[in-house]
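This report refers to the structure that appears directly beneath it.
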Amino acid sequence: MILELSQIKGIGAKRLQALNEMGIYTPSDLLLRFPDMYVDVGAKIERNVRDGDSVSFLGELVVPAKRSFIRRGLNVVNCTFSNNGINVRCSWFNQPYAARNLIPGEKVYVIGKVKKFKSSIQLVNPTLLTPNDCDGEIVPVYKTPIPSRTFESAVKTALGNVKVNGYIPNDVSQRFGMMPLQSALSCIHNPRDFMELAIARRSVSIENLCYVITSYRLLKDDGRDFTYSTTDDNVNEFIGSLPFTLTSQQRKAIDDIISALRSDKLVNSLVQGEVGCGKTVVALAVMYFVAKSGFQSALMAPTEVLARQHYETMIKYLEPLGIKTQLLCASMTAKQREAALFNIKYGNADCIVGTQSLIGEDTVFRDLKLVIADEQQRFGVNQRAKLENKGVKTDMIVMTATPIPRTLALSLYGELQQIEIRELPASRPKIHTSCVPPEKVESMYKYISNKASLDERTYIICPRIESGDDEVTSVENVYDKLKRMDFGSLVGCVHGKMKDADKNKVMFDFKSGKIKVLVSTTVVEVGIDVPEATTVVVYDAERFGLAQLHQIRGRVGRGTKESYCFLICGNNDPDSLARLKDFCVLGDGFSVSELDFKLRGAGDFVGLRQHGNGNTEINTDIIDRARTISNILVNNKDISDMVLDSLKSPEFIKSVTMN
């Protein structure tokens, strides 16, 4: 019997919907939503703690909570805790009941981020846990839209009532120093000590990465049983029809892919290149090649905005040459969707572009032979596999503007054909990158206002949609601030919680110039093409990986004018500032990716399916072990068949059933 989320105590309809919006649909999803942080209940505060450090400690209340009003609509609650002979002032803004039940002498666990004023230590909007909340020496902390106690209880129910099986046999996992998957997940959610926790997280990372590597290897082993009949003249016809000249590396990428398509082996290619290097036109040239041979091709984009942008490009460059194109996405009306599905099924569409709607059960292709996944890191291996399975013996191309470090790419994809496009079109302007100190922010906004008067556009990227219990900058706050400034109706906002139709309207207004300044989360990170955008601002830039910052930076410099990327650091941590300053002088995405991999691991590069937060880690040792274990799995027919069958389901967990 399968355990459903709705069967877990405390998960009613509203909470179930909230979990679904987080991407949690099953108990296995619940178990893969790792804690956001862990509290070491034995930790002490130190005098040499640095501004921006995250701390946790058992504090005794020495100054009781007092509420003060700063101005209309803004109040603060202050109190003071003592630990290790050091007083720590805690403040909560607009949270009048934050410490209401505490009495002097009472002890609670305090979790927060340090803000130093000379020799004094302050925590803003810290989290408080009573000792009764803490079962052991390490306390997991989850930040979710449902009450934390309910979420913790649901996780415990899942751990106690389901049997989790992975794909790596126990004798193999033991040889490589791994915990069984069930034990590792249990430890991650209820660790006894930090050493055990490290082993558990490492075990899950190896199993997850091993599954991804094995899936890729098994998917690419089949040979071709058909041929493409297109001639070089046909490809040259497409290239000659373009209103611009391809770079030498674009032309080489097209030639290399088409040469591989003409071989007797199915193609599995990774095309990676600089932001703005022109990967899309390479994809269209290959899709044209496939269409002229009488087959269908599908391009899957991670967002509807990007899918529509690709569709407009297809109409512009493919349809004048007699190629029939089709868009398929979630915001279509029932009538539009019905017509699109009809065209795809009965061959009235040669080149199809869409979002994950392409892998829906009702999407049937007439003769799909080529699948292209744009921004591959946004898709899990299962999503790509589902699209591949819409055809028989399909060729696969994955594209990314976040170059994958060579060591990681070789380990993940093995014999995968890797194509690099480092050369940018000659018309691409320079993008200047710099860190903006707090005292220069107002001057920066005057600069943005001046640019708006010249019909130039600005992106302002924030790491969060709504204000939280900390000082992380939100779209909501920045948007409200700009509305009160001179920008007025010239500012708009877009984020992931908006309906696709609403997002599309805002993006259209931004592209057309009705909106000059767009406040957004990273939903605009990928592929959005607005030539008039010359400035991008990133708040709390230290929270992003360097590869992701490079993607964001690539939203500007797509026209003819010099462009600017301004980074605002949310803390004064020297390491964070040093990392951002290194990024400012790195203009090459390949060098950025290598540095980011060195500093952060592979989280930004690999589409490992990890709900809620991407805290599976990947380093050289994990890659080596995962690849070695993958060799064992591939050579075991029973296991390899099991992995192939699993591509119909969304997890690297083999089964989750009630005990």
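Note on LYS66: lysines with a C-alpha under 30 Å away, same-chain residues under 8 apart excluded, are LYS44, LYS107, LYS113, LYS115, LYS116, LYS118, LYS143, LYS481.
Can you find, among VAL267, GLN95, THR127, the residue sitting farthest towards the positive end of the charge dipole of the chain, where Lys and Arg contribute +1 and Asp and Glu -1 at Cβ? Final value for the positive-end residue is GLN95. Cross-link partners of LYS598 among lysines, defined as those whose alpha carbon lies under 25 angstrom from its own and excluding same-chain residues fewer than eight positions apart: LYS581.
On the beta carbon distance between ALA501 and PHE244, with R0 = 41 Å, the FRET formula returns roughly 0.80.
Building the convex hull from the alpha-carbon atoms of region 1-56 and averaging its projection over directions returns 6.3 nm². For the pair region 224-270 and region 505-562, the centres of their Cα atoms are 31 angstrom apart. Taking θ as phi - 60° and the Karplus parameters 6.51, -1.76 and 1.60, the scalar couplings of region 281-295 work out to 5, 5, 4, 5, 4, 5, 5, 4, 4, 5, 5, 5, 8, x, 10 Hz in sequence order, x denoting glycine and proline. For region 238-373, the C-alpha radius of gyration sits at 1.02 times the compact-globule guess of 2.2 N^0.38 Å, with N the residue count. Amide H contacts of THR433: CYS565, each under 5 Å away and 5 or more positions distant or on a separate chain (H built 1.01 Å from N in the peptide plane; Pro and chain starts excluded). When +1 charges are put on Lys and Arg Cβ atoms and -1 charges on Asp and Glu Cβ atoms, the dipole computed for the chain relative to its Cα centre reaches about 1500 debye.
Considering every Cα-Cα pair within region 78-142, what fraction, in whole percent, is farther apart than 13 Å?
Pairs farther apart than 13 Å: 67 percent.
Remark: region 38-43, residue by residue, has Karplus-estimated 3J(HN,Hα) of 10, 9, 8, 5, x, 6 Hz, where x stands for each Gly or Pro and the curve is 6.51 cos²θ - 1.76 cosθ + 1.60 at θ = phi - 60°.
If you take the Cα centroid of region 273-312 and the Cα centroid of region 1-77, the two points sit 42 Å apart. Across the options ALA578, VAL524, HIS550, the greatest Cα extent toward the positive end of the charge dipole of region 489-592 (unit charges at beta carbon of Lys, Arg, Asp, Glu) belongs to VAL524. Percent of Cα pairs in region 525-592 per distance bin of 5 Å, from zero to the largest separation: 4, 17, 28, 24, 17, 7, 3, 0.
Find the relative contact order for region 467-566 and round it to a whole percent, using C-alpha pairs within less than 8 Å whose residues are 6+ positions apart. Mind dumping the intermediate values first?
Details: 121 pairs, mean separation 23.9, N = 100.
The normalised contact order for region 467-566 reaches 24 percent.
Amide H contacts of LEU299: ILE352, VAL353, GLY354, ILE372, each under 5 Å away and 5 or more positions distant or on a separate chain (H built 1.01 Å from N in the peptide plane; Pro and chain starts excluded). Distance from the Cα centroid of region 430-447 to that of region 160-196 is 48 Å (rounded to whole angstrom). Please list, by residue number, everything in region 224-241 whose backbone N is under 20 Å from a paramagnetic label point 7 Å out along Cα→Cβ of LYS393. Within reach of a label on LYS393, which here means backbone N under 20 Å from a point 7 Å along Cα→Cβ, region 224-241 contributes 224-231.
Rolling a 1.4 Å probe over the protein heavy atoms leaves LEU16 with an accessible area of roughly 50 Å².
Spin-label model, SER259/PHE194: points 7 Å from Cα along the beta carbon direction are separated by 5.2 nm. Scaled to the compact-protein estimate 2.2 N^0.38 Å, what is the alpha-carbon radius of gyration of the chain, rounded to two decimal places? Computed over Cα atoms of the chain, the ratio equals 1.01. List every residue whose amide H lies under 5 Å from the amide H of MET396, counting only residues 5 or more places away in sequence or on a different chain, with H placed 1.01 Å from N in the peptide plane. Close amide H contacts, sequence-distant or interchain: VAL267, ASN268, SER269, VAL371. A Förster distance of 51 Å, applied to the separation of the beta-carbon atoms of MET37 and LYS446, puts the FRET efficiency at 0.85.
Each residue of region 389-395 was assigned a 3J(HN,Hα) from its phi angle through the Karplus expression (A = 6.51, B = -1.76, C = 1.60, θ = phi - 60°), giving 6, 6, x, 10, 6, 8, 7 Hz with x at Gly and Pro. Counting only DSSP beta bridges whose two residues both lie in the chain, roughly 40 percent are antiparallel. The slack in the chain from SER183 to THR620, taken as 0.36 nm per residue of separation less the alpha-carbon distance, amounts to 154.9 nm. With the cut-off at under 19 Å, measuring from each backbone N in region 542-565 to a point 7 Å along the Cα-to-Cβ line of THR522 picks out 542-556, 565.
Sorting LYS369, LYS390 by accessible area puts them as LYS390, LYS369; the probe is 1.4 Å, largest comes first, and only protein heavy atoms count.
The values are calculated or read from the model by the stated rules, or taken from the named source; none is laboratory data. Predicted model, so just to flag it, every value in this text is computed and none were measured. All Cβ positions, even for glycine, are placed from backbone atoms using ideal geometry, and neighbour counts span all protein chains on display. Surface accessibility is based on the protein's heavy atoms, side chains included, excluding ligands, DNA and RNA. Shrake-Rupley method; radii C 1.70, N 1.55, O 1.52, S 1.80 Å.
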